[in-house]
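Report on the following structure.
The values are calculated or read from the model by the stated rules, or taken from the named source; none is laboratory data. Model, not experiment: these values are computed from the prediction. Cβ placement follows ideal geometry from the backbone for every residue including glycine, while neighbour counts extend to all protein chains displayed.
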Amino acid sequence: MVVATAVRRAVAYHRVSSQQQAGEKHSSLETQAQHVVAYCTHHGLRLVRSFSDVMSGKRDDRKAYQEMVAFCLQGGADVVIVQFLDRLGRRPPELLRRIWELQDHGIKVEATDEDIREELVLLVKAAVAGAESKRNSERVRSYMRERVQKGSHAARPPYGLRPVRGERGQVERWEIDEKQGPVVREMYRMAVEDNMGYKGIADRLQGMGIPAPHGKAWASFSVQGVLSNDALHGVLTYGKRPKKGNPATEVIRVPNVFPSILTETEWARLQERLAIRRGSARGPTHRSDYLLSGIARCGYCGGPMVGRVGAIRKNGTARYRNYWCTRASHSRGACQYYNGHSAPKLEAAILEYLGQFTDPDKVRELLQTQDTETDGRQEQELIRATARLKELETAFLADLDRVDRGILNESEYAKRQEVRRMEQARLQPRKAELEANIAAQRDREAQVKAVPMKVGSFLEDFGSMEVTKAKAILQTILKAAHVWKGGKIELEFR
């Protein structure tokens, strides 16, 4: 008696990331098809259907791939044949899940040119190691969150503070370092009163011979690290800057852990000053001896107006100081108006105009007018920021595909991504800030009360102040002063 043996039905799956892809393990679709046909002939398989994709294996939404899986799960085949296992997919978790799903339905996956059992073992090990690494990372983050919530600081001591340890070496309390504490106070003074930036402060400290943290030279980033640390006003923070590769976590802030080097008022003033500098162009704007640099804007194009020395009389006794629209100076295409003003006259006019806002009713009237204009500008900026972030994400996915196709190597990919990450790091906080500004109902009455007091105090003390210090205070009152030819002025309060 002869027993008939059913011939196993096979489907072929071929994939390349691009039609031009070639080389080891990057065979053309035609070559992969030839290998599968020869394999089926040699092993007595009946090839019932073939599926092909031209797409990155990192994507699970490949059309032919999904059609192949559905065809098999509906009973159309007994075995899936690929040339190499990586043709089926590039993501180990998805690949393992799909292979086990097919096996549960009695469908095997076989490769023509490699031992699939060895490849599966490697995949399992990689998946297990990745999962364990993620679990370990999460356990560490969870442990750190618990410690922070209890007020325990496990990292390096914040600059300006030092731990006081008990007999067993545990930290019993913190105190202000007698050497570093005064340095922090001086850094605060330079930032808030002298209107200096990170680099200027770093250069000043280096010139004074003050040791930097960890024995290194002072640099912009080290000054930024000190002045942005919540420990300066007594707060222990965790999760503010997650490490690269770690998911964003809830920011935990525990007050009164450290002795405060800065009061809450001083901390608020420092953050306001740093925010003003972040919103202004880098360069000599803040340290120039022109009161309105960083404040005056061209009323026609919105560009900054900077102070410059004009013509000098023949006898050399007089120098003309003026403000000019920078865009008009560079190109008439950017601004066609010759918007220039005598510095003494423009400064006097703006201070005189500012004086009327010691009246709360005048402030209320101006703020109501500005609301509509400001909201419109912020909405347009939010649209641009959102669109750009989407473009960066699209470019990121496109480069992943280029790596898979062999067009980019890992080093080139890393360089390109670093540039994008820097732009994303700048845009994402700004996007969140714009969304908050647009969504939140601003407390106008509080501003109506605060502005007249600030303006009155500033004008009273202005005559006795240095220009840089006066400008630092004026910048906390005015966001911009828009100037037109003929003397028209519009003020934009912060």
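Does Gly106 satisfy being surrounded by fewer than 19 Cβ atoms within 10 Å (Cβ to Cβ), in contact with a strand residue (DSSP E or B) (Cβ under 8 Å, 6 or more places away or on another chain) and not aromatic (Phe, Trp, Tyr)?
No: the conditions fail for Gly106.
Check segment 83-90 and report whether any residue there is modelled with pLDDT under 85, more than 21 Å from Lys108 (Cα to Cα) and buried (at least 17 other Cβ atoms within 10 Å of the Cβ).
no
Could you list, in sequence order, all residues of segment 36-58 that are in a helix (DSSP H, G or I) and either farther than 19 Å from Ala77 by Cα or under 48 Å from the mean Cα position of the chain (by Cα) (or both)?
Hit for segment 36-58 is Val36, nothing else.
Could you go through segment 429-448 and let me know if any residue there is over 20 Å from Thr358 (Cα atoms) and either modelled with pLDDT of 80 or more or among the polar types (S, T, N, Q) (or both).
Checked against the condition, which is being over 20 Å from Thr358 (Cα atoms) and either modelled with pLDDT of 80 or more or among the polar types (S, T, N, Q) (or both), segment 429-448 yields at least one hit.
Taking interchain pairs and intrachain pairs at least six residues apart, which have beta carbon atoms under 9 angstrom, with the first residue in segment 329-357 and under 13 Å from Gly307 (Cα atoms) and the second modelled with pLDDT of 85 or more and in a helix (DSSP H, G or I)?
Within 9 Å, the pairs are His341/Ala349.
Please specify each residue of segment 376-392 satisfying the condition of being under 16 Å from Gln417 (Cβ atoms) and more than 14 Å from the chain's Cα centre (by Cα).
Glu391, the sole residue that qualifies.
In segment 1-58, what count of residues is obtained for those that are within 23 Å of Leu96 (Cβ to Cβ), at pLDDT 90 or above and of a type in the set (Val, Ile, Thr)?
2
In segment 314-334, which residue that is hydrophobic (A, V, I, L, M, F, W, C) and modelled with pLDDT under 85 is farthest from Ala296 (Cα to Cα)?
Ala318
If Glu114 passes every condition in (1) farther than 23 Å from Ala6 by Cβ; (2) modelled with pLDDT of 85 or more; (3) part of a loop (DSSP other than H, G, I, E, B) but one, which one does it miss?
Glu114 satisfies every listed condition except (2).
Just checking, how many residues over segment 319-339 are surrounded by 18 or more Cβ atoms within 10 Å (Cβ to Cβ) and in a strand (DSSP E or B)?
Number of matching residues: 4.
Output the residue which, of all residues in segment 343-375 that are over 28 Å from the mean Cα position of the chain (by Cα) and among the hydroxyl-bearing types (Ser, Thr, Tyr), is modelled with the lowest pLDDT.
So, considering only residues that are over 28 Å from the mean Cα position of the chain (by Cα) and among the hydroxyl-bearing types (Ser, Thr, Tyr), the one modelled with the lowest pLDDT is Thr372.
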